[in-house]
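Step one of this worksheet: look at the structure below.
The values are calculated or read from the model by the stated rules, or taken from the named source; none is laboratory data. Since we're looking at a predicted model, the values are computed, not measured. Backbone-built Cβ (ideal geometry, glycine too); neighbour counts: all protein chains shown. Side chains are part of the model used for accessible areas, which takes the heavy atoms of the whole protein and leaves out ligands, DNA and RNA. Shrake-Rupley method; radii C 1.70, N 1.55, O 1.52, S 1.80 Å.
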Amino acid sequence: TTPGGQYQPSLDVLGKGATEQPGTKPGDPNLTKAEFDKANQIYFERCAGCHGVLRKGATGKPLTPDLTKKLGFDYLRDFITYGSPGGMPNWGTSGQLEAADIDLMARYLLNTPAQPPEFGMKEMKDSWKVLVPVAQRPTKKMNKLDIDNLFSVTLRDAGEIALIDGTTKKIEHIIKSGYAVHISRMSASGRYLYIIGRDSKLNLIDLWMDPPQTVAELKIGTEARSVETSKFKGYEDKYAIAGAYWPPQYVLMDGATLEPIKVVSTRGMTEDTQEYHPEPRVASIVASHFKPEFVVNVKETGQVLLVNYQDLKNLKVTAIEAERFLHDGGFDKTGRYFLVAANARHKVAIVDTKEDKLVGVVETGGQTPHPGRGANLEHPKFGPVWATSHLGSETISFIGTDPEKHKQFAWKVVQTVEGQGGGSLFIKTHPKSENLYVDTPLNTDAEISSSVAVFKIKDLAGEKPTYKVLPIGQWSGISEGARRVVQGEFNKDGTEIWFSVWNNKAQDSAIVVVDDKTLTLKAVIRDRRLVTPTGKFNVFNTRNDVY
Ligand code: DHE
């Protein structure tokens with residue numbers, strides 16, 4: 001064995017290197033090398049995102065051995081199997097993990113976590129590939145694709161994305177990516193598509209080429225979730241930024257080649273108790289429309305960093321003390337205010353990207369807000385609002401976003417309504433839609449996790465607004481599996497909304513398209529190649545922050 005804390009990764013996502021028996025302390029259950037490797041892989045693929053590499057917790061509870069030993073093996077095994085209404089997935093009863101794997105994970109968690117290696121500029125440069133140099137790329141669009149209404153769809157467990165035409169619903173191209181691409185983002189011009197895998201592999205795809213293809217690749221760490229591109233006037237398509245979970249850092253790159261220019265660590269003090277945190281992960285990143293800045297949300301320290309990209313040598317970063325466990329978020333409809341979930345204490349933090357300061361931190365009235373990018377709508381009573389659903393409760397909260405014409409409602413929770421249940425990840429509407437859609441893919445009830453709730457926006461004026469349930473899982477025609485219905489995304493015109501029906505890798509999955517006016521089934525996209533679809537990003541809506 002190696003001393004406690006020493007860690008030799010075996011996974012690709014953790015870099016090269018031979019595997020050794022992990023460090024164990026007296027009393028830890030023994031895992032063989034093969035068992036440790038397997039548990040480690042499962043932990044990185046399924047658990048680390050919520051609980052952290054060092055298992056210090058954030059969206060998920062801390063799982064350091066001082067705590068797991070008190071909980072004990074049986075408790076851990078049952079919790080992993082059945083999940084919880086607080087947002088822990090039911091890995092066993094959903095069929096995503098076998099009983100033997102869950103037994104293994106419970107034992108793994110009783111062992112001491114170990115620290116993976118760092119990943120700096122040298123490792124990045126070693127991984128960097130420009131497959132098609134800028135000079136060899138076309139100077140105009142060479143294909144017949146309707147790029148603005150194209151959807152970039154994550155095929156999570158296949159390590160691919162699909163480019164699907166928004167009108168014909170035809171899968172135009174499948175492109176190899178890193179493992180479990182988390183999000184797709186568009187350059188300001190709409191030409192370049194950036195996708196980032198959970199394994200930190202970034203692909204730059206040129207949508208003008210025939211066929212569209214990856215023109216550059218870079219690995220920015222060993223675990224990541226976010227990428228964005230510069231959108232301020234004069235800087236369109238110039239820079240890209242990606243944020244890592246491990247090591248905790250962000251990297252600024254050349255937008256056209258992904259050449260890494262600057263790596264910045266996010267390790268530092270928490271905004272509240274001013275204590276050092278060794279793993280402050282980079283959660284969501286958005287590009288300001290008001291300044292040459294990226295808004296970088298650091299989860300564990302609760303700092304919103306406004307990173308100015310005007311002069312990368314003399315980097316100016318405004319660090320805003322917001323609230324801890326920053327996660328996902330989006331702009332209000334004017335694009336000036338950024339609202340981000342802070343799930344340590346069920347709050348949303350609001351930042352003014354024009355004045356570069358904190359506007360406020362509000363309690364949402366629900367448990368663990370999880371908005372995705374949120375939903376902007378004209379509330380019949382309160383004017384412009386931004387909405388979030390919750391991971392840990394059925395609450396949907398509306399926050400006033402108009403400090404000029406609706407000052408009395410601005411930055412306050414003006415209403416909360418009840419949806420189908422907890423386990424919600426994403427909420428969605430469109431400026432042209434009269435509906436608000438709320439998914440519940442992590443609810444432990446199969447009927448709830450395979451359907452979505454739809455509220456009529458005008459009904460929000462009533463005392464207790466009700467919703468209609470769309471049985472998307474059933475509409476898909478698939479009868480096997482958990483059929484988790486996840487992440488609605490509108491087409492360019494705002495006339496239809498697409499949902500993923502997300503099953504295991506070995507099972508059938510689908511995309512179900514709903515007509516927004518009639519709330520009826522419009523199309524089902526089923527194809528052998530559509531393996532574990534999750535996030536879907538319409539080029540026009542993503543590029544223009546329409547949500
Ligand atoms: Fe996500 C957005 C992190 C689990 C699909 N997810 C985000 C963002 C972050 C994040 C930081 C915001 C990125 C941005 O806007 O810049 N997600 C995490 C996690 O840490 C977490 C909780 C656990 C993990 O291990 O990854 C997690 N996410 C999931 C899933 O299980 C989902 C459903 C499928 C998957 O890929 O693993 C999933 N996350 C998504 C999607 C978005 C997202 C589709 C973008 C939504 C949008 O509309 O913008």
message = Can you confirm whether residue 397 is in a strand (DSSP E or B) and open to solvent by less than 40 Å² (accessible area, probe 1.4 Å)?
response = yes
Just one listed residue, out of 60, 86, 52, 72, is in contact with a Cys (Cβ under 8 Å, 6 or more places away or on another chain) and either of a type outside the set (S, T, N, Q) or surrounded by fewer than 20 Cβ atoms within 10 Å (Cβ to Cβ) (or both), and it is 60
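Could we say that residue 452 is farther than 17 Å from residue 95 by Cα, open to solvent by 60 Å² or more (accessible area, probe 1.4 Å) and in contact (Cβ under 8 Å) with a residue 12 or more places away in the chain here?
Judged against the criteria, residue 452 is not a match.
Test residue 298 against the stated conditions and say whether it is open to solvent by less than 30 Å² (accessible area, probe 1.4 Å), within 19 Å of residue 54 (Cα to Cα), modelled with pLDDT of 95 or more and within 23 Å of the chain's Cα centre (by Cα). Lay out the reasoning, then the answer.
Numbers: open to solvent by less than 30 Å² (accessible area, probe 1.4 Å): yes; within 19 Å of residue 54 (Cα to Cα): yes; modelled with pLDDT of 95 or more: yes; within 23 Å of the chain's Cα centre (by Cα): yes.
So residue 298 passes the test.
For (1) surrounded by fewer than 21 Cβ atoms within 10 Å (Cβ to Cβ); (2) within 22 Å of the chain's Cα centre (by Cα); (3) modelled with pLDDT under 95; (4) assigned to a helix (DSSP H, G or I), each residue gets a yes or a no:
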site	(1), (2), (3), (4)
469	yes, no, no, no
482	no, yes, yes, no
485	no, yes, no, no
501	no, yes, no, no
504	yes, yes, yes, no
512	no, yes, no, no
| message | One residue is enough: does the range 459-482 have a residue meeting the conditions within 30 Å of residue 416 (Cβ to Cβ) and within 13 Å of the ligand (Cβ to nearest atom)? | response | yes
When (1) away from the ligand (no atom under 16 Å from the Cβ); (2) more than 15 Å from residue 497 (Cα to Cα) are applied to residue 455, the one that fails is (2)
Report task. Return a yes/no flag: does the range 104-113 have any residue that is in contact (Cβ under 8 Å) with a residue 24 or more places away in the chain and open to solvent by 80 Å² or more (accessible area, probe 1.4 Å). Result -> no
### Message
Among the residues of the range 501-517, are any among the aliphatic types (A, V, I, L, M), under 26 Å from residue 175 (Cβ atoms), touching a residue at least 60 places away in the same chain (Cβ under 8 Å) and within 15 Å of the ligand (Cβ to nearest atom)?
### Response
yes
Practice problem: Say whether the condition of being in a strand (DSSP E or B), surrounded by 23 or more Cβ atoms within 10 Å (Cβ to Cβ) and within 13 Å of the ligand (Cβ to nearest atom) is met by at least one residue in the range 214-224. | Solution: yes
Checked 325, 290, 338, 331 against criteria (more than 16 Å from the ligand (Cβ to nearest atom), out of contact with any His (no Cβ under 6 Å at 6 or more places or on another chain) and of a type outside the set (D, E, K, R)); the one match is 290
Taking the range 94-103 and the residues there that are in contact (Cβ under 8 Å) with a residue 60 or more places away in the chain and touching a helix residue (DSSP H, G or I) at 6+ places or on another chain (Cβ under 9 Å), the one that is surrounded by the most Cβ atoms within 10 Å (Cβ to Cβ) would be 94
Inside the range 380-427, the number of residues satisfying the requirement of being over 23 Å from residue 85 (Cβ atoms) and not small (Gly, Ala, Ser) is 19
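Each row is one residue, and each column tells you yes or no for (1) open to solvent by 10 Å² or more (accessible area, probe 1.4 Å); (2) of a type in the set (Lys, Arg).
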{"residue": "163", "(1), (2)": "no, no"}
{"residue": "173", "(1), (2)": "yes, no"}
{"residue": "209", "(1), (2)": "yes, no"}
{"residue": "230", "(1), (2)": "no, no"}
{"residue": "233", "(1), (2)": "yes, yes"}
{"residue": "246", "(1), (2)": "no, no"}
